[in-house]
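Undergrad: Here it is, the structure in full.
The values are calculated or read from the model by the stated rules, or taken from the named source; none is laboratory data. These figures come from a predicted structure and were not determined experimentally. Neighbour counts are summed over all protein chains in view; Cβ atoms, including those assigned to glycine, are modelled from backbone coordinates with ideal geometry. Calculation scope for accessible area: heavy atoms of the full protein, side chains included, ligands and nucleic acids excluded. Shrake-Rupley method; radii C 1.70, N 1.55, O 1.52, S 1.80 Å.
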Amino acid sequence: MALIELAGVARHYQHGDIDVPALDGISLAIEAGEYVAIVGQSGSGKSTLMNVLGCLDNPTHGSFHIGGQDASQLGPDELAALRRERFGFIFQRYHLLPHLDARANAALPAVYAGLGNNARSKRAEALLTRLGLADRLHHRPNALSGGQQQRVSIARALMNGGQIILADEPTGALDSASGAEMLRLLGELNEKGHTIILVTHDPSVAAHARRVIELKDGRVLKDSGTPANHSLPADAPAELAGTEQAGGLRRLQVQWREAILTAWLALRGNRLRTALSMLGISIGIASVVSILALTDAARGSIEKDVRGFLSGRIPVWRGNPALPPGAVARSFRPSELDAIRALPGVKDVNVVREMQLTARHRARDAGVTAIGADAQSLSARKLKLAEGRYFNELDQASSAQVVVIDGKARKALFKAGQPALGQTLLLSPMGLTAEVPGQPSAAGAALPMTIIGVVDPDSGGGVSFGFSNGQVLLPLSTFARKLDPKLDTDSFNVMLDFSVPPAQVREQVIHRLKALHGVEDFDSWNADEEFQKIQNVTAAMAALFAGVGAIALLVGGVGVMNIMLVSVSERTREIGIRMAVGARQGDVRLQFLIEAVVLCCLGGLVGVALSWLGAQGINAVQAKLEVQVSWTALAVAFAVSSAVGLLFGTLPARRAAALSPVDALARE
Ligand code: ADP
Ligand code: MG
């Protein structure tokens, strides 16, 4: 079988209702090593035949074999492989990629054969040097003359071997000297064993060939036939030796490298457009990231307050709103507290000795909460002292009349800047003041206390209940002896050791106390439940804001899709060239997908940078909220950008990959 065999090949174009047969039943055979010129008037079907021969276009009828393989049965990727492995194209208008230099243009077919970067460059340099372009390797097409560009395209045709060279009017755009040089080179290649098929309308060009096929109206008018003395080339052309087919992994690596590089070049070549289309993604990512960082910081600060004050304990108190009217709630006895203390998951039971008192300093007074405190109270409440000292053992043992006041109480009782340490406070039961005459001096009397410390208002204690104007801490022993001597208590805290889930401990406490009291005349507060509520609220907030960011991303993504579609239609010819030299549909798809992903990731990066700057700004102007853009946020931004790129790049990429090579090449 001949190298190329056509039997009854037809190619019809549809012009509206009119059927134009560009090729109308062509049968011919071309042997390996032939030098064929296809001639005919303009519109006779030469280019169409050339495109069919080169597997750029599919015939509408007829069978068509290349090297014994039935090309009409092949899918797009197999046709791409045929183009890559067997054909080298030389076009009238050169069809070089304008943003690549001579070497990269010549090397392009080897990219799709999976040849590594170095091997590719070496081979391209060798070919260009042989064609007299050693000093033009790094010139772009627009810095080369027509003859030079056509020689670059010869180098490209030979890159993967170029067993069959298809040249469509190769001299058409050249001056006569360059044209002659071109024909000399083609003759030389034929002598080396390459099969040359040349399309021309010029008889003097056709005269260089050893066989002439003349077309008219899509039919063969004359065919001089394979010369009688034609001999098949002894070996494959020398150039064929240069191409080893790369393995899968290698090819994948080359494919990705090329796709990323091309994406980068394309984006860099259109800086303003790139920046503008990145903008939407940047804003989307910036809003998502900074909103997440903000809610995170807000939640962190609420958590710190709530956890610091409440977590790890379950407050229980006398009285329950569900009690029938008139029923009296009992206090808790020490023995009952011991029973609670024995429950699993309970570290300890802290009796809260607390009462509302009026504190007086000179002419100022304020309602405060007096709290009986022990050595651990400070750390349990996560408080820090701003001034003075805390109670020592001697204070506890001697029931010393000393107090530590919090910032709120200090503010209520002292003018700003007025020293509080060492001052005396008078504590008396609510509603009474020390000077009220006629009061019994025992329980109702004002108790003078010396201030020995002031709590730092920034440390914990942010959550306070009731209408209290602050808290004053006094030694537990002082509280029990001098303020409230009764043994039973109205409220206590169950301290958790977290060996049992808090909710379960709470149930057991309720169960046990109910058994002891006969009725549920008490109530308890589940800190972790409250905490969970707060968490749910902030989580809902975060979700809402993330939704807003997602909408921004959606809009940004649509912008990216739009720009990618524009990019595909602008670069249709480039796609055609890549396909002609052997790019698979997958290669083209990957190139545009990666371009979309790179675009989105760049946008995402800018977005993260913006939100980082925003966070620094927020942290600089206030101290309450520590906003941080975490590595997680960065990773999420990256993942989200990539996902947006993939999502919105798919349509343009598919569109690019679905182009037919011949249509793409014809597009200007
Ligand atoms: P030649 O290269 O010999 O000048 P072509 O092969 O380019 O001729 O064209 C052959 C015929 O097919 C012409 O009548 C032309 O109008 C028609 N033709 C070529 N390409 C297309 C196309 N893409 N769509 C419609 N008609 C086409
Ligand atoms: Mg033509």
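Undergrad: Scan region 377-409 for residues that are at positive phi and open to solvent by 60 Å² or more (accessible area, probe 1.4 Å) and report the count.
TA: Result for region 377-409: 1.
Undergrad: Then there's this: Does Arg151 satisfy the condition of being under 23 Å from Ile38 (Cβ atoms), crowded, with 24+ Cβ neighbours inside 10 Å and either under 39 Å from the mean Cα position of the chain (by Cα) or hydroxyl-bearing (Ser, Thr, Tyr) (or both)?
TA: no
Undergrad: Determine the pairs where a residue that is on the phi > 0 side of the Ramachandran plot, located within region 622-648, has a partner that is assigned to a helix (DSSP H, G or I) and surrounded by fewer than 16 Cβ atoms within 10 Å (Cβ to Cβ) with Cβ atoms under 8 Å apart, the partner being 6 or more residues away or on another chain.
TA: Between residues of region 622-648 that are on the phi > 0 side of the Ramachandran plot and residues that are assigned to a helix (DSSP H, G or I) and surrounded by fewer than 16 Cβ atoms within 10 Å (Cβ to Cβ), there is no close pair.
Undergrad: While we're looking at this one, here's another question. Of a type outside the set (A, V, I, L, M, F, W, C) and either surrounded by 16 or more Cβ atoms within 10 Å (Cβ to Cβ) or within 16 Å of ligand 2 (Cβ to nearest atom) (or both): is that true of Pro76 in this structure?
TA: Considered against the rule, which asks whether it is of a type outside the set (A, V, I, L, M, F, W, C) and either surrounded by 16 or more Cβ atoms within 10 Å (Cβ to Cβ) or within 16 Å of ligand 2 (Cβ to nearest atom) (or both), Pro76 comes out as yes.
Undergrad: What's the number of the only condition in (1) more than 10 Å from ligand 1 (Cβ to nearest atom); (2) β-branched (Val, Ile, Thr); (3) farther than 22 Å from Asp202 by Cα that Val20 fails to meet?
TA: (1)
Undergrad: What's the total number of residues in region 34-63 that are polar (S, T, N, Q), more than 9 Å from ligand 2 (Cβ to nearest atom) and buried (at least 20 other Cβ atoms within 10 Å of the Cβ)?
TA: 1
Undergrad: If you go through region 179-190 one residue at a time, how many are open to solvent by less than 30 Å² (accessible area, probe 1.4 Å) and under 14 Å from Ser145 (Cα atoms)?
TA: 2
Undergrad: Hey, another quick one. Across region 597-655, what is the number of residues that are assigned to a helix (DSSP H, G or I) and of a type in the set (Lys, Arg)?
TA: Selection size over region 597-655: 2.
Undergrad: Moving to a separate point now. Quick check on my filter: what residues within region 36-90 are more than 10 Å from ligand 1 (Cβ to nearest atom), in contact with a Pro (Cβ under 8 Å, 6 or more places away or on another chain) and of a type in the set (Val, Ile, Thr)?
TA: Of everything in region 36-90, just one residue is more than 10 Å from ligand 1 (Cβ to nearest atom), in contact with a Pro (Cβ under 8 Å, 6 or more places away or on another chain) and of a type in the set (Val, Ile, Thr), namely Ile90.
Undergrad: Now for a separate question. Any residue that is crowded, with 24+ Cβ neighbours inside 10 Å and closer than 17 Å to Lys192 by Cα - is there at least one of those in region 118-127?
TA: Yes, some residue in region 118-127 is crowded, with 24+ Cβ neighbours inside 10 Å and closer than 17 Å to Lys192 by Cα.
Undergrad: Here's something else I'd like to know. Taking the stated definitions as given, is Ile4 over 42 Å from the mean Cα position of the chain (by Cα), at negative phi and more than 16 Å from ligand 2 (Cβ to nearest atom)?
TA: Yes: the conditions hold for Ile4.
Undergrad: For region 87-104, which positions are away from ligand 2 (no atom under 16 Å from the Cβ), touching a residue at least 40 places away in the same chain (Cβ under 8 Å) and either open to solvent by 30 Å² or more (accessible area, probe 1.4 Å) or under 18 Å from Pro661 (Cα atoms) (or both)?
TA: Scanning region 87-104 gives Phe87, Gly88, Leu96, Leu97, Pro98, His99.
Undergrad: Still on this structure, I have one more. Please pick out the residue among Arg136, Arg84 that is open to solvent by 50 Å² or more (accessible area, probe 1.4 Å) and out of contact with any strand residue (DSSP E or B) (no Cβ under 9 Å at 6 or more places or on another chain).
TA: Criteria check complete, one pass: Arg136.
Undergrad: Cβ-Cβ under 9 Å, sequence separation 6+ or interchain: first residue in region 201-213 and in the same structural domain as Ile38 (by TED's automatic domain parsing) and farther than 15 Å from Asp223 by Cα, partner away from ligand 2 (no atom under 16 Å from the Cβ) and open to solvent by 80 Å² or more (accessible area, probe 1.4 Å). Which pairs?
TA: Going by the 9 Å Cβ cut-off, the qualifying pairs are His208/Arg184.
Undergrad: Hey, can you tell me all the residues within region 11-30 that are closer than 26 Å to Thr226 by Cα and out of contact with any Leu (no Cβ under 8 Å at 6 or more places or on another chain)?
TA: Passing the criteria: Ala22, Asp24, Gly25.
Undergrad: Quick check on region 188-198. Is at least one of its residues within 16 Å of ligand 2 (Cβ to nearest atom) and in the same structural domain as Leu82 (by TED's automatic domain parsing)?
TA: yes
Undergrad: Still on this model: Is it the case that some residue within region 377-385 is among the small types (Gly, Ala, Ser) and touching a strand residue (DSSP E or B) at 6+ places or on another chain (Cβ under 6 Å)?
TA: no
Undergrad: What do you reckon, is Val644 buried (at least 23 other Cβ atoms within 10 Å of the Cβ) and either within 16 Å of ligand 2 (Cβ to nearest atom) or closer than 28 Å to Lys46 by Cβ (or both)?
TA: no
Undergrad: Among the residues of region 196-229, write down those that are hydrophobic (A, V, I, L, M, F, W, C) and buried (at least 17 other Cβ atoms within 10 Å of the Cβ).
TA: Ile196, Ile197, Leu198, Val199, Val205, Ala206, Ala209, Val212, Ile213, Leu215, Val220
Undergrad: When you go through (1) over 21 Å from Pro661 (Cα atoms); (2) within 9 Å of ligand 1 (Cβ to nearest atom); (3) open to solvent by 40 Å² or more (accessible area, probe 1.4 Å); (4) not aliphatic (A, V, I, L, M) one by one for Glu5, which number turns out not to apply?
TA: In the conditions (1) over 21 Å from Pro661 (Cα atoms); (2) within 9 Å of ligand 1 (Cβ to nearest atom); (3) open to solvent by 40 Å² or more (accessible area, probe 1.4 Å); (4) not aliphatic (A, V, I, L, M), Glu5 misses (2) alone.
Undergrad: State whether one or more residues within region 306-326 are loosely packed, with under 15 Cβ neighbours inside 10 Å, among the charged types (D, E, K, R) and either touching an Asp or Glu at 6+ places or on another chain (Cβ under 8 Å) or in the same structural domain as Gln401 (by TED's automatic domain parsing) (or both).
TA: So far as region 306-326 goes, no, none of its residues is loosely packed, with under 15 Cβ neighbours inside 10 Å, among the charged types (D, E, K, R) and either touching an Asp or Glu at 6+ places or on another chain (Cβ under 8 Å) or in the same structural domain as Gln401 (by TED's automatic domain parsing) (or both).
Undergrad: Now for a different question. Of Ala167, Ala157, which residue is on the phi < 0 side of the Ramachandran plot and within 16 Å of ligand 1 (Cβ to nearest atom)?
TA: Just a single option satisfies the conditions, and that option is Ala167.
Residues checked against (1) farther than 25 Å from Thr48 by Cβ; (2) in contact with a Cys (Cβ under 7 Å, 6 or more places away or on another chain); (3) at pLDDT 95 or above:
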| position | (1), (2), (3) |
| --- | --- |
| Val152 | yes, no, yes |
| Asn160 | no, no, no |
| Ser176 | yes, no, no |
| Met182 | no, no, no |
| Glu188 | yes, no, no |
| Gly193 | yes, no, no |
| Ile197 | no, no, yes |
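Undergrad: Would you point out which residue out of Ile291, Ile285 is under 21 Å from the mean Cα position of the chain (by Cα) and open to solvent by 20 Å² or more (accessible area, probe 1.4 Å)?
TA: Every option except Ile291 fails the conditions.
Undergrad: Would you point out which residue out of Gly586, Gly607, Gly617 is closer than 24 Å to Gly114 by Cβ and either at pLDDT below 95 or among the small types (Gly, Ala, Ser) (or both)?
TA: Gly586
Undergrad: Residues that are in contact with a Phe, Trp or Tyr (Cβ under 6 Å, 6 or more places away or on another chain) and away from ligand 2 (no atom under 16 Å from the Cβ): does region 130-142 have at least one?
TA: No, the conditions are met nowhere in region 130-142.
Undergrad: Only one residue in Gly172, Gly193, Gly162 is within 16 Å of ligand 1 (Cβ to nearest atom) and either farther than 20 Å from Ala106 by Cα or surrounded by 19 or more Cβ atoms within 10 Å (Cβ to Cβ) (or both), so which one is that?
TA: Gly172
Undergrad: Something else about it: Can you report the number of residues in region 23-33 which are away from ligand 1 (no atom under 11 Å from the Cβ) and either under 50 Å from the mean Cα position of the chain (by Cα) or open to solvent by 20 Å² or more (accessible area, probe 1.4 Å) (or both)?
TA: Matching residues across region 23-33 total 5.
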